1. Give S77, S157, S133 a once-over and let me know the one that is touching a helix residue (DSSP H, G or I) at 6+ places or on another chain (Cβ under 6 Å) and more than 22 Å from A33 (Cα to Cα).
2. Find all pairs meeting these conditions: Cβ atoms under 6 angstrom apart; at least six residues apart or on different chains; first residue within segment 114-126 and more than 18 Å from T76 (Cα to Cα) and free of Cβ contacts under 8 Å to residues at least 40 places away in the same chain; second residue surrounded by fewer than 16 Cβ atoms within 10 Å (Cβ to Cβ) and not hydrophobic (A, V, I, L, M, F, W, C).
3. Are any residues in segment 81-112 of a type in the set (F, W, Y) and under 16 Å from S131 (Cβ atoms), and if so, which ones?
4. Could you list all residues from segment 136-160 that are in contact (Cβ under 8 Å) with a residue 40 or more places away in the chain, within 13 Å of the chain's Cα centre (by Cα) and surrounded by 22 or more Cβ atoms within 10 Å (Cβ to Cβ)?
5. Answer with yes or no whether L124 is farther than 13 Å from I168 by Cβ and not in a loop (DSSP other than H, G, I, E, B).
6. Just checking, does segment 69-90 include any residue being in contact with a Gly (Cβ under 8 Å, 6 or more places away or on another chain), outside any loop (DSSP other than H, G, I, E, B) and crowded, with 17+ Cβ neighbours inside 10 Å?
7. Considering every residue within segment 99-114, establish whether at least one is modelled with pLDDT under 95, among the polar types (S, T, N, Q) and assigned to a loop (DSSP other than H, G, I, E, B).
8. Quick test of your reading of the structure: D47 fulfils all but one of (1) within 16 Å of S141 (Cα to Cα); (2) surrounded by 11 or more Cβ atoms within 10 Å (Cβ to Cβ); (3) modelled with pLDDT under 95; (4) of a type outside the set (S, T, Y). Name the failing condition by number.
Amino acid sequence: MKRILLIAFVVGLANLQACKKDDDPTCTKEVVAAKLTAVDQTRLASDIVAIDAYLASKGITTALSEPNGVRYTITTSGTGTQVQCLENVVTVKTTGSLLKFGTMFQPEAEFSYKLNQLIVGWQLVIPLVPSGSKITAYIPSGYGYGVNGGANGKVPSNAILIFDIELIAVN
């Protein structure tokens, strides 16, 4: 009887901890709607058309489409941990290129950052796959570097981005 009570107590405590995590005010589960609606919706629509045309021209039929306009293909399906909060630190290996010109603006690099410190496109796509996954993400300009461009001048204004991403770890 004591053993059953002990097991029930441990299970109850574990469930209480799980509930606590779900109610954690420091855990952001999804990108704030204001970040999604802040992008120029006309440009977003044209970016989606351009991404879909690019995928079709390359014969890429396995791309998954998100309602927000991000497209991605899964090269390798991982089996590790998934992002639970945008505050999670992700360790990735990545390269980045421009859809329009095909030029690489970011050679292969490995880094770790809190997901909420990265571009919105990454915040949208990285939580969709577990660690160990390799994906190619097609990011509309407004969810990348937008009108300002970025990557120390290597990304022009309103550039649609392609990232090959290996999600190494989620902490």
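The values are calculated or read from the model by the stated rules, or taken from the named source; none is laboratory data. As the structure is a prediction and not an experimental result, all values here were calculated from the model. In this analysis, Cβ positions are derived from the backbone assuming ideal geometry, glycine residues included, and neighbour counts consider all displayed protein chains.
1. S157
2. Pairs found: K114/E87.
3. F111, the sole residue that qualifies.
4. Result: A137, Y138, I139, P140, Y143.
5. yes
6. There is no residue in segment 69-90 that is in contact with a Gly (Cβ under 8 Å, 6 or more places away or on another chain), outside any loop (DSSP other than H, G, I, E, B) and crowded, with 17+ Cβ neighbours inside 10 Å.
7. Looking for residues that are modelled with pLDDT under 95, among the polar types (S, T, N, Q) and assigned to a loop (DSSP other than H, G, I, E, B), one finds at least one in segment 99-114, hence yes.
8. Evaluating D47 over (1) within 16 Å of S141 (Cα to Cα); (2) surrounded by 11 or more Cβ atoms within 10 Å (Cβ to Cβ); (3) modelled with pLDDT under 95; (4) of a type outside the set (S, T, Y) leaves (3) as the failure.
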